[in-house]
1. Would you work out what percent of the accessible area of the chain, with all protein chains in place, is carbon or sulfur (probe 1.4 Å)?
2. How much area per residue is accessible in the chain when the probe is 1.4 Å and only protein heavy atoms are counted (Å²)?
3. Can you give me the Cα centroid spacing of region 71-97 and region 26-59 in angstrom?
4. In region 86-120, what GluC sites (Glu not before Pro) fall in a loop by DSSP, with at most 10 other Cβ atoms inside 10 Å?
5. Helix 70-87 versus the longest principal axis of the chain: what is the Cα-based angle in degrees, 0 to 90, to the nearest 10?
6. Filter the cross-link list Lys22/Lys46; Lys74/Lys103; Lys46/Lys114; Lys22/Lys54 down to pairs whose alpha-carbon distance in this structure exceeds 20 Å.
7. Filter the chymotrypsin sites (Phe, Trp or Tyr not before Pro) in region 2-61 down to the DSSP loop ones having no more than 16 other Cβ atoms within 10 Å, then list what survives.
8. How far apart, in nm, are two points set 7 Å out from the Cα along the Cα-to-Cβ line at Asn30 and at Glu86?
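The values are calculated or read from the model by the stated rules, or taken from the named source; none is laboratory data. Model, not experiment: these values are computed from the prediction. So basically every Cβ, Gly included, is an ideal-geometry build from the backbone, and we count neighbours across all protein chains shown. SASA here: full protein model, heavy atoms, side chains in, ligands and nucleic acids out. Shrake-Rupley method; radii C 1.70, N 1.55, O 1.52, S 1.80 Å.
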Amino acid sequence: MAQHNELGTQGEELAVAYLLKKGYQILVRNYTYLKGEIDIIARTGKTIAIVEVKTRSTPDFGDPQDFLKLGQIKRLVDTAHHFIEELDDNEVEVRFDIVAIVKNKSGTRIEHLKDAFYHF
């Protein structure tokens, strides 16, 4: 596995552990629909959090969350829409979060950005 793939997998594991510690219920990991993929779908109360995990080894070129592009957001929204339709629960609210992680020899920094972007 390529080093950047390993870092991404480690980042997703760290994000899951972080969310569980904060009381979230993990519903699905790596949910795919057509060309879109959602890293983590979690629930807290009546809120479904669509979570994109961005992991980098250095913040030298920008924060991890800065690497989420417009096309990725569109695919996330389309994929989330499909998931919510299948869930068939009219009582839930949906929000899009980013868990930004910088992991290197100096340590690990995790930042949870709730409502990181809007889907309309």
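1. That fraction is 49 percent.
2. Here the per-residue accessible area is 62 Å².
3. Going from one Cα centre to the other spans 10 Å.
4. Taking region 86-120 and a limit of 10 other Cβ atoms within 10 Å, the loop GluC sites (Glu not before Pro) found are Glu91.
5. Helix 70-87 and the main axis of the chain meet at about 40 degrees.
6. Lys74/Lys103, as the Cα separations exceed 20 Å there.
7. Phe61
8. 1.5
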